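Written out below as structure tokens is the structure these notes cover.
The values are calculated or read from the model by the stated rules, or taken from the named source; none is laboratory data. Remember, predicted model here, so these are calculated numbers, not experimental data. Positions of Cβ are backbone-derived with ideal geometry, glycine not excepted, and every protein chain shown enters the neighbour counts.
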Amino acid sequence: MKRCAAYIRVSTEEQVLHGYSLEAQKLALTDYAAAHNLVIFDYYIDEGFSARKKMSKRKEFLRMLSDVEADRIDLVIFTKLDRWFRNISDYYKVQEILEAHHVNWKTIYENYDTTTANGRLHINIMLSVAQDEADRTSERIKVVFQNKRNRGEVTNGSHPLGFCIKNKQLVPDEADMKIVKDIFDFYELNQSIYTTAQMLREKYNLHFCNATISRVLKNKIYTGEYKNIKNYTTPVIDEKRFNDIQNIKPLPKERKTIKRVYLFTGLLTCRECGRKLTANHSSVKYKDTIREYNLYRCKRYVDQKLCTHKKVLNELKLETYLITQTKQALKGYNFLADIKDNQNRNYHMEVTRINKKLEKLKELYIEDLLDKDTYIKDYKNLNTKLLSIPDFEAQNNLTFLKNRLNTDFESLYHLLSDTEKRVFWRSLIAEIIVDKNNQVTVRYK
């Protein structure tokens, strides 16, 4: 039985004008597969996407192509050609991928043939017609939507924070609008999106990221304006105050003259949530001295309190642990260096042997014991062999590596600067996974 992909698409515009049903397409494709002895590998449903959109916007379509390239699919079925594409150039790009993996396509309500010139011409004509129809439909929809907006009506079912939809119009929702007003008030007073996010967590238990809060603050719908239409809905903030808030520029943080180096930045991953641990530092007064500590914490816990990893990881303790582990890991490197040294000696022996042959060839040619063509041919062959020998010494200084590893690693390590230490760890370690109890798992390169 052939494995087929059932592709289904309905654009927002078509849902408005024609009421095309995703369920109807799915049922028709399922019945067709059963009647033609096909097994449906998966359904790929792009809802609310026009066929004129870029392929990168149609996520389910891209997922289907991924399965095609993985050779999981033998056939693609859909109801009509305009469900597939309304753009000729994109059609041929996809067709090239399908042909490379020996995958055909079939419309269950239409008959097309891609194997003949006439069949391909027919497809081109139908795609051109569909493309033109899509453009005209889009223009009509834009006019319909503009008329709706002019009457203060919504054009879809989504609505911004603080509003709800009643009688096809946006009206303030008192409970959510209080949150919106607090966002504007708090930001205007504190001039910080980060502290505004903290306020929302503490007061409303809402975990908004900075980008979401920024979008609320910049959305002119709260002045009653939408797509340049004044009085589209009830304003909750006057336009002058809204513009003043847009002009707020938070004071820059005071820059420190000393740049702090964190040894394990980018290497630490939280096992609980998969996010990277972020670096910070702390100063503690002990007797008459100030002690500085580099620390790492889970960013998701710090910003949103959505992770169970609450503990702080001390960089000095982690460094001490890794030095001990690395000393053990490096013990096997001496054997590797010995092998590389042998390869290096073989390289020099082979180079010497070929160079001697080149000298001998030159002597024979000078003594007229070889004709010019034979000399050139043999010279090229020997040079090709010379260039093909891997130069292990050029790749890495093996003698230096062996000597360094035979000395005390820890003593050498402490001679490095902080920047050099960071480079060393990043060259040796791929990832350090830290759980909520600060137990670490090291994954070496």
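Can you tell me which residue is farthest from C270 (Cα to Cα) among those in region 409-445 that are loosely packed, with under 10 Cβ neighbours inside 10 Å and within 24 Å of the chain's Cα centre (by Cα)?
Looking at residues that are loosely packed, with under 10 Cβ neighbours inside 10 Å and within 24 Å of the chain's Cα centre (by Cα), I get S427.
Only one residue in T233, T269 is modelled with pLDDT of 90 or more, in a strand (DSSP E or B), out of contact with any helix residue (DSSP H, G or I) (no Cβ under 6 Å at 6 or more places or on another chain) and on the phi < 0 side of the Ramachandran plot. Which one?
Exactly one of T233, T269 is modelled with pLDDT of 90 or more, in a strand (DSSP E or B), out of contact with any helix residue (DSSP H, G or I) (no Cβ under 6 Å at 6 or more places or on another chain) and on the phi < 0 side of the Ramachandran plot, namely T269.
Which of the residues spanning region 206-225 are in contact with a strand residue (DSSP E or B) (Cβ under 9 Å, 6 or more places away or on another chain) and either charged (D, E, K, R) or modelled with pLDDT under 90 (or both)?
Residue satisfying the conditions is K220 alone.
Condition check ((1) outside the structural domain of C209 (by TED's automatic domain parsing); (2) at pLDDT below 85; (3) more than 35 Å from the chain's Cα centre (by Cα)) across all residues:
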{"position": "Q304", "(1), (2), (3)": "yes, yes, no"}
{"position": "T320", "(1), (2), (3)": "yes, no, no"}
{"position": "Q325", "(1), (2), (3)": "yes, yes, no"}
{"position": "L330", "(1), (2), (3)": "yes, yes, no"}
{"position": "D338", "(1), (2), (3)": "yes, yes, yes"}
{"position": "V351", "(1), (2), (3)": "yes, yes, yes"}
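Within region 24-47, can one find any residue that is assigned to a loop (DSSP other than H, G, I, E, B), under 30 Å from R136 (Cβ atoms) and at pLDDT below 90?
no
Filtering region 140-168 down to residues that are among the polar types (S, T, N, Q) and not in a loop (DSSP other than H, G, I, E, B), which residue is nearest to I221 (Cα to Cα)?
Per the stated criteria, the residue is N150.
Being in a helix (DSSP H, G or I), among the aliphatic types (A, V, I, L, M) and either out of contact with any Cys (no Cβ under 9 Å at 6 or more places or on another chain) or outside the structural domain of H122 (by TED's automatic domain parsing) (or both), is that true of even one residue in region 87-96?
Yes, that holds for at least one residue.
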